[in-house]
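Q: Pasting a structure below so you can have a look.
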Amino acid sequence: MQKVAEATIPLTALGITITPGEPIPLITLTPDLAGIIQNSTILRDEVVNTGYVPATINVLGIPTPVTVSLPFQQHTPCPGACPEDTLTEAPLEVESIIIQPIPLAVVGGTVGVASALFKVILRTTITVTRPMVAKANQEDLSDLCDVNQHRCDNNAPRTIQFPLTGATPPGPTP
């Protein structure tokens, strides 16, 4: 599956001021893979991943004082998944980095650019599992059944609040 982290940043925030028709200087984005914050939860029939990718931006090879956090949110269909299932995710890998100038206006046929869209496309694999039980010495898997047969029965909306740091949320208050 892919996760797309993105944000639009004004060029002036990067110390870039250009006139209409002037080319944009070389801008590079370096994601901090070790600093990625992500949270995941399983809803009925889907997995929701949210988080952000911290990154630094260079202009003409010179670091800017700007550190960005590119947010992402991904909903992945997973038929049969339920909130009590277990989610495992492989480490994230950067598949692509895209920097796209965004035109502000066209004046006399000349395009003026005021901002840029920064994207980091990440790739990973997710696996959803659940505890199952079977008879001892069973030769095939035809008699498997869920440990909790009612894990998907709660149709009430769920409120999920992820921690800012990406740490595991505390358990329920006694």
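The values are calculated or read from the model by the stated rules, or taken from the named source; none is laboratory data. All of these numbers come straight from a predicted model, not from anything done at the bench. Counting neighbours? That spans all protein chains shown, and the Cβs are built from the backbone with ideal geometry, glycine included. Side chains are part of the model used for accessible areas, which takes the heavy atoms of the whole protein and leaves out ligands, DNA and RNA. Shrake-Rupley method; radii C 1.70, N 1.55, O 1.52, S 1.80 Å.
Q: Between rounded, prolate and oblate, where does region 50-106 land on the alpha carbon gyration tensor, with a ≥ b ≥ c its root eigenvalues, rounded for a/c under 1.5, else prolate if a/b exceeds b/c?
A: On the way: a/c = 3.25, a/b = 2.10, b/c = 1.54.
Here region 50-106 falls in the prolate category.
Q: Counting only residues 5 or more places away or on other chains, whose amide H sits under 5 Å from the amide H of C82 once H atoms are built in the peptide plane?
A: D45
Q: So, one more: According to the square roots a ≥ b ≥ c of the eigenvalues of the Cα gyration tensor, what is the shape class of region 1-129, taking rounded for a/c under 1.5, prolate for a/b larger than b/c otherwise, and oblate for the remainder?
A: Prolate is the answer for region 1-129, as a/c is 1.5 or above and a/b outweighs b/c.
Q: Once you have a ≥ b ≥ c as the square roots of the Cα gyration tensor eigenvalues for region 1-73, tell me rounded if a/c is under 1.5, and otherwise prolate or oblate according to whether a/b is larger than b/c.
A: Prolate is the answer for region 1-73, as a/c is 1.5 or above and a/b outweighs b/c.
Q: Under 19 Å from a point placed 7 Å out from the Cα of L26 along the Cα-to-Cβ direction: which residues of region 41-72 have their backbone N that close?
A: Backbone N within reach: 56-65.
Q: Rank R130, R44 by accessible area, highest first, at a 1.4 Å probe radius?
A: R44, R130
Q: Still on this model: Quick check on packing: order 87-100, 48-61 by the mean number of other C-beta atoms within 10 Å, highest mean leading. All intermediate terms of the calculation are to be shown ahead of the outcome.
A: Values: 87-100: 13.0, 48-61: 17.6.
Per-residue mean Cβ counts within 10 Å order the peptides as 48-61, 87-100.
Q: Which value in nm describes the separation of the simple spin-label points at D153 and T41, placed 7 Å from the Cα toward the beta carbon?
A: According to this spin-label approximation, the distance is 2.2 nm.
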